[in-house]
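The values are calculated or read from the model by the stated rules, or taken from the named source; none is laboratory data. Remember, it's a predicted structure, so these values are computed and weren't measured experimentally. Here the Cβ positions follow ideal geometry from the backbone for every residue, glycine too, while neighbour counts run over all protein chains shown.
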Amino acid sequence: FPFVQPLLEELTSGRIQFIDPAFETSELVRRRLEGKDLFNPQKTAGTVSLYFTKDIELGDTLSASFLNTSRRSIEHITL
């Protein structure tokens, strides 16, 4: 959405106000995490662990499209 917002604003001649809730949502999440003493303000990138009960290969392929593969681990689990 942020990538096309200028075009949409131009096409609508400013008659429509577009709202991107991402910033407000991230601030809400931050406050909630801080309230539960779970917020970690470190500046370095963290890691992601993904757990799948099925189709681990599909999960690997899909997650590689939006996650840095060097900062994630994938594990098959049985419940």
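For this structure, a couple of remarks:
- Here segment 60-76 is the region considered, the condition is being assigned to a loop (DSSP other than H, G, I, E, B) and farther than 12 Å from Thr47 by Cβ, and the residue that is nearest to the chain's Cα centre (by Cα) is Phe66.
- In segment 5-23, the residues that are at positive phi form no Cβ pair under 6 Å with any partner that is assigned to a loop (DSSP other than H, G, I, E, B) and among the aliphatic types (A, V, I, L, M), whether six or more places apart or across chains.
- Selection status of Asp20, within 25 Å of Arg72 (Cα to Cα) and either of a type in the set (Lys, Arg) or not assigned by TED's automatic domain parsing to the domain that holds Asn68 (or both): no
- Meets criteria (assigned to a helix (DSSP H, G or I), under 30 Å from Thr78 (Cα atoms) and out of contact with any helix residue (DSSP H, G or I) (no Cβ under 9 Å at 6 or more places or on another chain)) for Thr25: no
- Residue among Leu33, Leu38 that alone is surrounded by 10 or more Cβ atoms within 10 Å (Cβ to Cβ) and either at pLDDT 95 or above or under 27 Å from Asn68 (Cβ atoms) (or both): Leu33
- Cβ-Cβ contacts under 7 Å between residues 6 or more apart (or on different chains), taken from a first residue in segment 55-79 that is modelled with pLDDT under 90 to a second residue that is hydroxyl-bearing (Ser, Thr, Tyr), are listed as Arg71/Thr47.
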